[in-house]
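A quick write-up on the structure given underneath.
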Amino acid sequence: MMRLSYQQITDLIELTIFVQDDTLGCDGCLELMDQFAQAELDGTAIPDALEVVRIHLEQCKCCKDEYEALMIALREIQ
Ligand SMILES: [Zn+2]
């Protein structure tokens, strides 16, 4: 069995957490983005199911740009 240093173990744990956090991917994010944006606009609490969208947006520049454009569009409609 391979022996891991403390640093290697903490690196692995961080990697695992990172991967688990962003389970959505860009396709999934785009699918849920409408609902997420609507909840933000309504000022309602973000449901757990949509928390993954927030996590993804924090990590993904292209989805973040997409989301900001959507928010601008939605604000103009209202
Ligand atoms: Zn993305």
- Message: Over the chain, what is the relative contact order in percent, taking alpha-carbon pairs closer than 8 angstrom and at least six residues apart?
- Response: 30 percent
- Query: With labels modelled as points extended 7 Å from the Cα through the Cβ direction, what inter-label distance (nm, one decimal) is found for residue 9 paired with residue 75?
  - Reply: 4.8 nm
- Size of charge dipole - the chain - debye, nearest 20, with Cβ of Lys, Arg +1 and Asp, Glu -1, no other charges: 300 debye
- When the chain is treated as a Gaussian network with springs between alpha carbons less than 10 Å apart, the largest mean-square fluctuation among 30, 12, 50 is found at 12
- If amide H atoms are built 1.01 Å from N in the plane of the peptide, which residues on other chains or at least 5 residues away come under 5 Å of the amide H of residue 24? none
- Task: Would you calculate the volume per residue, in Å³, of the smallest convex hull containing every Cα atom of the chain?
- Result: 109 Å³
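None of the figures in this text is laboratory data; all of them are computed from the coordinates on show. Not measured: the values here are computed from a predicted model. Every residue, glycine as well, gets a Cβ built from its backbone with ideal geometry; the counts of neighbours run over all protein chains shown.
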